Every structure is written in structure tokens, then in C-alpha cells.
1. Looking at 197, 177, 235, which one has the Cα that reaches farthest to the positive end of the dipole of segment 8-407 (charges on Cβ: Lys, Arg +1; Asp, Glu -1)?
2. State which stretch of the chain is the longest one without any exposed trypsin sites (Lys or Arg not before Pro), exposure meaning a DSSP loop state and at most 10 other Cβ atoms within 10 Å.
3. With an 8 Å Cα cut-off and a minimum separation of 6 or more residues, compute the relative contact order for segment 8-407 in percent.
4. Under a GNM of the chain (C-alpha, springs under 10 Å), which listed residue has the highest mean-square fluctuation: 274, 97, 184?
5. Would you mind ranking 284, 171 by Cβ crowding within 10 Å, fewest neighbours first?
6. Find how much the distance from residue 228 to residue 95 grows on full extension, using 0.36 nm per residue of separation minus their present alpha carbon separation; answer in nm with one decimal.
7. Which FRET efficiency, nearest 0.05, do residue 386 and residue 246 yield, Cβ-Cβ r, R0 30 Å?
8. Test of understanding: ordering 112, 322, 104, 86 by Cβ neighbours within 10 Å, fewest first, what list do you get?
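Read the figures in this text as sums done on the coordinates, not as results from a lab. Just so you know, these numbers come straight off a predicted model, no measurement behind them. For neighbour counting, all protein chains shown are included, and Cβ atoms are generated from backbone atoms with ideal geometry for every residue, glycine included.
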Amino acid sequence: MTVDHFDAVVTGVGLVTPAGIGVADNIDRVWSGVSTAARTPALAGLPVDFSCAVTDFDPLRDLGRRRAARVDRVSQLGMAAARGAVADAGLDHRTWDGARVAVVVGTSFGGVASLEREHDTYREHGHDLVSPLLMVTAPVNMTAGYIAMDLGALGPNQVVSTACASGATAIGYARLLLRTGACDIAIAGGSEAALTPTGAASLAKMGALSGRRDDPARASRPFDADRDGFVAGEGAGMLVLERVEDARSRGARVRARISGFGASADGHHPSAPDPTGSGAERAIRAALDDGGVSPAEVDHVNAHGTSTPLNDVTEAGLINRVYGDRPAVTSTKGVIGHLIGAAGAVETAYTVLAVETGLVPPTANLENVDPEVDVDVVAKEQRKVRIEAAVSHSFGFGGQNAAVLVTSP
């Protein structure tokens, strides 16, 4: 396996997910394979009234009143994850050269909760009571902007929105910024907080969500023969990326490397994956080529694995065609649900942690593997695997695909 001289190294990981806050809490829950899905008060009365929500995050406690009070939850989660990643990297934002620090955030819906709330206010009470803050809470760019304000990160500041591939795409583009010399440090990842009644109603209506209201904890079951849809979730995941030489010069701990990235479009359907998997395959092969890694060298795949009937069979066929039966495959959506725009970032973070620890987390709720799924899916318990190279898959509505290649330090 050859290593690209432009590898970005991961020196910090920040996580605010349904599995907990920080690396340790996420490893405890995700690597134990215990689902976080539960009934959600905000969705009461809907056909699907459960989700994977972040329940132990207090924005006033964790961010302070000044930072938390006037921003949407999507930005609160993103700022907390960014703070966590910077702290994990051993960096101090009060002393760094902020002009050399980039922020790239992936999100699909942005501040949709603020938008829904103010729309309700307008309909019920008229225009006089609509908040002027809507224009600085709802737009998708604001999470990146607020992270810059919070941490003094004054370099390139960007948002990418490629549906469920957004977080992975953000990490890929942040690596490019480092590669071109546009920054020295990049905070990259995704944030999503779209557990709103309107969004949940639409997803349920289109048949994307699991209908297991009687047993939410077992609803998300990727690759299982009895799966019936995904469980919506929320959360944020951020990585601190640096050049190899910069991390070494300051004595930073390197968790893993981001060695390749690939992106593509299906050009097939607004919501259904291309049954041939050809678009996703192009993204995966591009990531492998970018990092100089052959498919036969991949030890682990963190699958998109949504728990929907179409995705899981299509993706399993794709994995088998590209990698064969060698890699240990998992989908962490069985534990944390589908975090939409943050999914790719959080799952890349989990892939980084799997490479670092040599432990692949299990796919929760996998009891009977679909006969059409002919890959080595890790289930029941975590598996010890020597991981030199791993790939995280992310596929989104609109047919937008992204793949991130993670390699050992």
C-alpha cells in the first residue's frame, strides 16, 4: 500500500450524537451495539413518533448562554462537536493563527427547526411576531459561520450540502484545502438537527422510515431480512485535520489518516439508489485511486447501511463487487439511526476510531441476514481486526455519493 504525501491526519475527533458526547461515550454505546431509538415527544401524534435524538446535550451548560441562546440547534450541536474536536487535538484556539484555520461543514437541512417555528408564528400571529433572528439561524451556512465566531477560525469557511453524503463530502473538501495550502488546520464534519414534525411526516409518507412503533429500539436493522426503513436521527461529528508534517512538528497524537476521497452522482432517481450501484462504485474507486490503495487491501467498510430494503441490497452487491468478501462490514445506523447530513461525518469518525483501536463495531439488531446480502457483516458483538485501510460510504437523496478512505497512522 502506498501512502500519498498529501495525506491529512486526524488529530482530533468531536462527537455529539444519540450515543453520547465525546469519543469515550460514543465508543461505549456504538461498540456495544445498543440502539438509541426511542419515542420522541416532539413527534407525538405522527405516524412515526420515534427517532434517535441527542438527549444528554444541554446547550446552555455545554456552550454557555451567550453562544447558545440565539442559534438553531443544528449550530449548537455543530459548535459543541467542533469544540470537542479542537480539545481532542490538543489545540488552543486562543493562541492559533485563525487565518490559517478552515471550517467545512456538511448539512442537509440547516436550521429547519427555526424555520418551522417562525412559520408557525407567522401563520398563527402574523408578521409582527416573526423573529428577525430567523435570517441568521435558518440558513445552511450559519453553522460554519458560528463555529468560526466561536473558535476564531478565520480561514476558508464553507458549507456543502449533498444530502446524506454532506458530512463525508465536507471532510473530502477540507482535505483538499490542506493539500492546496489554503489552510494549515481544518475543522471538518457535519451537523444535522431536523427532527421536526414536518420533516418526519414527509419521510414517513414517502415510506423511508421504519414503522416499528411498538418496538423502536429494534427498528433500525441494517442488512436484516426483516428491515422496513430507517430511523431518523440528529447529531454532529467534527474532525481536526492537519498535514502530516505539521502534526509531527507539534507532537500531536495522530488517530488515523484521511488518505483518499471520491464523489459522484447517480443521475438516476430523486430518492432511490441506482440498482446497478455504478455511481457509488465510481466514488469508491476514486477514493481508493486517490489514496493508492487497491480494493484487496481494504480491511473494513463502514457501510451507508440505512436499513431500507433498496439501499442495503444494492450496497451489499456493490461491496461484494468492489472488495469481495474480505472486509469486515458494519452499519452504525443500527445504533444511532440516520443522521442525514451529519451521517457521513460521524461514520467517518467511527471509521477513524475503528482503525485506531482495531475494533469494528457490530451492526445492531441484525438477527437474520438478508439472503441477498452476501458480505461479511459484523453482528452481535465487536470484532477485533487489524485495519490498515478502511472506507466509509455515504449515499444521499439526489443520487449524490461520497467515499472516504481512512488508513492507519
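1. 177
2. The segment 95-385 is the longest one with no such site.
3. For segment 8-407, the relative contact order is 24 percent.
4. Judging by the Gaussian network model, the answer is 97.
5. 284, 171
6. Length difference between fully extended and current span is 42.9 nm.
7. Taking R0 as 30 Å, the efficiency between residue 386 and residue 246 is 0.60.
8. Ascending number of Cβ neighbours within 10 Å: 322, 112, 86, 104.
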